[in-house]
Amino acid sequence: MFCSPDKPGAKPDALKADALARGLPVYSFASLRSPEAVAAMRALDADIGIMAYVLQFAPQEFVNIPRHGTIQFHPSLLPKHRGPSSISWPIATGARETGITIFRPTDGLDEGPVILQKSCAIGPDETLGEVYFNKLFPLGVQALLKATDLVLAGKHTEQAQDEREATYEGWLHDDEAEIHWPGHVDTIYDLIRACNPAPGAWMMLDGVKVRVYDCRKHVVGRFVSRGHKPGDVAGVTENSIVLWAQGGLIEILKLRPEGGGKMGAGDFARQRGWSISEGWRTWVRPN
């Protein structure tokens, strides 16, 4: 197994820990381009290389060493959503479908020929965590096993990616995770879902930076949101804080104030001395 060198203060690599527990050889090189990394791969005399969630660039000299080459997992339907946050961006942009791709890695970022793809729906209320753990992770495990068998048996096909359909997005970090309340309620809701559980979409609320996790979207009657400033508090319940957005309301159920832990939004409101006010419910349009 090859993995990135440990970083001080970072969580232990779970796959590395499991490999060591099983007595498997583990290699950590600062660069997979190094002669030492290439020599280590050659010494393994491997039948096939398998790459998933790779944080280091693996050059062709390295990935071509195994007898049947190398295959790589990517959590999107390539060529769409190339890049490191490929699970988050489809959700953030309101897509209703995503999936996984097994492909041959090349020196281009997520650009190699496709061996196998599996798609899945993105539910209208599903979060990043739900899409990954409930759908993409099990799909990916099954697809990697199937693709490995096909490649070893010489029964696989390789289809070049259509560059006309290609998209690329970088990391979804704090700059991208900021909630812009003048945006439409659908856009805000999709961003919150795409950042839950990490990095957590964030906003300033009563002078405190908070990250928003569980929430609900409410559509209001036509023109009701006009005259209300986006981002203003529309109401407070026992368990939530409700804010105005264009075309609707966002009801926050769980948040995390900067420097603190996750908590119920109702608890946060009580700490701020806010009174319960549920008149906003009269504006919500029935489903």
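The values are calculated or read from the model by the stated rules, or taken from the named source; none is laboratory data. All values derive from a computational prediction rather than experimental measurement. All Cβ positions, glycine included, derive from the backbone under ideal geometry; neighbour counts span all protein chains shown. Heavy atoms of the whole protein, side chains included, go into the accessibility calculation; ligands, DNA and RNA do not. Shrake-Rupley method; radii C 1.70, N 1.55, O 1.52, S 1.80 Å.
A few notes on this one:
- Lone unmet requirement of (1) over 31 Å from the mean Cα position of the chain (by Cα); (2) surrounded by fewer than 18 Cβ atoms within 10 Å (Cβ to Cβ) for residue 284: (1)
- The range 166-177 residues that are more than 13 Å from residue 196 (Cα to Cα), paired with ones that are of a type outside the set (S, T, N, Q) and part of a helix (DSSP H, G or I) (beta carbon under 7 Å, 6 or more apart): 169/89
- The set of residues in the range 22-50 being farther than 18 Å from residue 106 by Cβ, in a loop (DSSP other than H, G, I, E, B) and open to solvent by 80 Å² or more (accessible area, probe 1.4 Å) consists of 22, 24, 30, 45.
- Restricting the range 217-252 to residues that are within 29 Å of the chain's Cα centre (by Cα), polar (S, T, N, Q) and not in a strand (DSSP E or B), the residue that is surrounded by the most Cβ atoms within 10 Å (Cβ to Cβ) is 240.
Yes/no matrix, rows are residues, columns are (1) under 22 Å from residue 143 (Cα atoms); (2) over 19 Å from the mean Cα position of the chain (by Cα); (3) among the hydrophobic types (A, V, I, L, M, F, W, C):
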| site | (1), (2), (3) |
| --- | --- |
| 7 | no, yes, no |
| 24 | no, yes, yes |
| 51 | yes, no, yes |
| 76 | yes, no, no |
| 85 | yes, no, no |
| 97 | yes, no, no |
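- Residue 193 being open to solvent by 70 Å² or more (accessible area, probe 1.4 Å) and within 21 Å of residue 131 (Cα to Cα): no
- Residue match in the range 257-270 (condition: closer than 26 Å to residue 132 by Cβ, in contact with a strand residue (DSSP E or B) (Cβ under 7 Å, 6 or more places away or on another chain) and surrounded by 19 or more Cβ atoms within 10 Å (Cβ to Cβ)): yes
- Test: residue in the range 246-257 that is touching a Pro at 6+ places or on another chain (Cβ under 8 Å) and modelled with pLDDT under 95: yes
- Counted residues, the range 253-287 - those being part of a strand (DSSP E or B), touching an Asp or Glu at 6+ places or on another chain (Cβ under 8 Å) and not charged (D, E, K, R): 0
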